1. Mind checking which aspartates and glutamates have their Cα closer than 14 Å to the Cα of A:K74? Skip sequence neighbours fewer than 8 apart in that chain.
2. What fraction of the DSSP beta bridges in chain A is antiparallel, stated in percent and rounded to the nearest 5?
3. What is the calculated FRET efficiency for B:Q282 to C:E242, with r their C-beta to C-beta distance and R₀ = 41 Å, to the nearest 0.05?
4. Using Cα atoms only, what is the angle between the long axis of helix B:203-218 and the major principal axis of chain B, expressed in degrees (0 to 90) to the nearest 10?
5. Can you list the lysines whose alpha carbon is less than 23 Å from that of B:K10, not counting same-chain residues fewer than 8 positions off?
6. Which order results if C:M117, C:M126, B:M265, A:M1 are arranged by neighbouring Cβ count within 10 Å, fewest first?
7. Find the cysteines in chain B that fail to meet the 4.7 Å Cβ criterion with every other cysteine, and list them.
8. Ratio of alpha-carbon Rg to the 2.2 N^0.38 Å globular estimate for the range C:62-123, to two decimals, please.
Amino acid sequence: MKIAITITAPQTDAPADPRFGRAAAFCVIDTDSGAREAHPNPALEAASGAGVRAAQTLIDLGVEAVISGAYGPKAHQVLAAAGLGLYLAPAEVKELDALIERFQSGALARAETATNGGHAHA
Amino acid sequence: MKQLVILSGKGGTGKTSVTAALAHLATQGPLAKPLLLADTDVDAANLELVLQPERRERHDFIGGAVAWINPDLCANCGDCLELCRFEAIVETLDGYAIDTRACEGCAACVYQCPAGAIELRDERNGESLRSASRYGPLCHAHLDPGADNSGKLVTRVRELAREQAEREGREQILIDGPPGIGCPVIAAVTGVDLALVVTEPSLSGQHDLQRALDTLEHFGIPALICINKADLYAQGASAIEQLCRERGLELIGRIPFDAEVTHAMVRGEAVTALAPHSPASQAIAALWSELAKRL
Amino acid sequence: MPEPLRIAVASGKGGTGKTTLSSALALVAAGRYATRLLDCDVEAPNAALALRPSLSEQRAVSIPVPRVDEARCTHCGRCAEVCRFNALAVTPRQVLVFDELCHGCGSCVWICPEQAMSESEARIGMLDAGTTETGIDFAQGSLDVGQSSGVPILRALKRWTPAAWRVSPRIEIRDAPPGASCAVVETLRDVDAALLVTEPTPFGLHDLKQVVAICRELGLPTAVAINRDGIGDAAVEDYCAEQALPILLRIPLERHLAESLAQGNSLIEAAPEYREPLARLLQGLIELAEAPR
């Protein structure tokens, strides 16, 4: 399956970024083949609705699950409406390999609701 | 990392003077913690006037894009004038042009122009800055006079602040907020841990305090209140006390009217540093000890 | 119907006394001319506190936001692609619309290849109007909490002619928002003269310069009033002299005055001795506005 992790630079070995809408980039991983691609986050330049834009980007990339440190309410709503699985990266785990391993072993918590009060329009 | 924003609703209640004094107090004494300051009042950026920091970094701020009509391609059909909802298309002697002050960059005209004559062009709206002040780094910005997208520039300042605080291990970010309740305020309060609302006892101060508190409540941000020039109108101050009780909010400071506050501003100093024994300084020191407990 | 002479009172820095002066100017003007006052500070409207109009008319301000007919939608994603404000997201099963991000530009509706989108009005604020006992026609706008832009409210306020108003005012005074952003430009762009209220401090001067830059760009005749005269330094005076900005009024800081204004009194109620200087200020602004440019 195709999963995405928010990362701090558009490189496939960059550490995880705890933010979703304002994450620097996304690492898209095919868990079957192990192939990885880094995609810059187009929402970084957005004056408003960064979470919505970032969520749309992942939906358009055909991602089925997302791992990030936090989800704003709008991003959460969009991703959930598209049926993506939303998982929380523990703050201390920055390495992608470790996150993928935890994801595959079912050790990551699901973000059942938005995890921050709302980046209003930012 | 804790982020505290200083707000007011109404302008001119003393937000910036209080912020400078709190920055001074937060970095003094045995409980001092490494601090970072952010000025998010980007169209009236006054914190630097008190702190007189040394500038380290400056970047143009491209706030967004505005439409541009290519006169060589324009067929003068006037469709754009009809469809623009922001009154941003103006008729000129030889066709149509964009009023960039009114254009919101929605690009509706770009997509609808039958001649394909309109494009979006990036527009500079101001600059973002990093400086070093006597109380720690200052992240700030200047919105170009009359420019749009102040909310996005505030977001940029917040990002600079957060990034630098993380990098340098600074435990507190003190944010000087903008007046009002609109876009820049929303951007300034997003994701903060606590807001201190500095109000004044005047009727307008009370009125705008309510709107500021409604806004904070809307975004789920805990608020504390402080009355500046509290002795100017006793009844007004009691009305604010009453309001705090009704809303279940804590009033944690009363700063008396004190000419030393203006003197300090003129001298480019925090009032607590210039005149530590003045009535305002003592009240702000008491305010800080209450705030520090809650951070 | 002849257009009124429009005078905006702005300041840059908040709390310098914009509302105090705009309401006092309106009171003085109303003694001689048919006068209206527009409170353009839609984030913190306060002019009604001093003028105490009886507000008899109210109107909601809304913007058109998109609604999707899911029966026709093919989830092609064009609408989200063209939205510069990220107010739309398209999933394979549904379209989500975030009204609070929408600017109401209409672009998504026009681009939809299936004509599956229509528009519905979403409220962003209110307009109120009435008259004062002193005969001033009054209107104000107020932005709803949580909404980001007051500019559409300002535009609606400027276009509104409430039924309660007299037909043809000679003078229109606008109380501008603080700062120097797009809302200030929207307030100033079609006035005949601007009065900038400042205080003689570094903050006052810094913020004054920002608004002067806007006035210069708009080519507006501009004058200055110094409030709390004597509290700071002489830098504002020097700047005004250098920029050839006439200083038409000075109000020294007096505690009793500050106390009375805080209680919601107008400047004329708080200090009747200002009636004469205010009349001269109004006259000066009218002359400035009518002078050939």
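1. By straight Cα distance, A:K74 reaches A:E112, C:D99, C:E100.
2. Numbers: 13 of 20 bridges.
Antiparallel: roughly 65 percent of the beta bridges in chain A.
3. On the way: r = 39 Å, r/R0 = 0.96.
The computed FRET efficiency comes out at 0.55.
4. Between the helix axis and the principal axis of chain B, the angle is about 70 degrees.
5. B:K152, B:K229, C:K13, C:K18, C:K158, C:K209
6. Working: C:M117 22, C:M126 18, B:M265 26, A:M1 12.
Final ranking by Cβ density, sparse to dense: A:M1, C:M126, C:M117, B:M265.
7. B:C74, B:C77, B:C84, B:C103, B:C113, B:C139, B:C183, B:C226, B:C244, each lacking another Cys Cβ under 4.7 Å.
8. Numbers: Rg = 10.3 Å, N = 62, 2.2 N^0.38 = 10.6 Å.
So the Cα radius of gyration is 0.98 times the expected 2.2 N^0.38 Å.
Just so you know, all these numbers are worked out from the coordinates, no wet-lab data involved. Keep in mind that this is a model prediction, so the values were computed, not measured. Note that each Cβ is placed from the backbone with ideal geometry, even for glycine, and that neighbours are counted across all protein chains shown.
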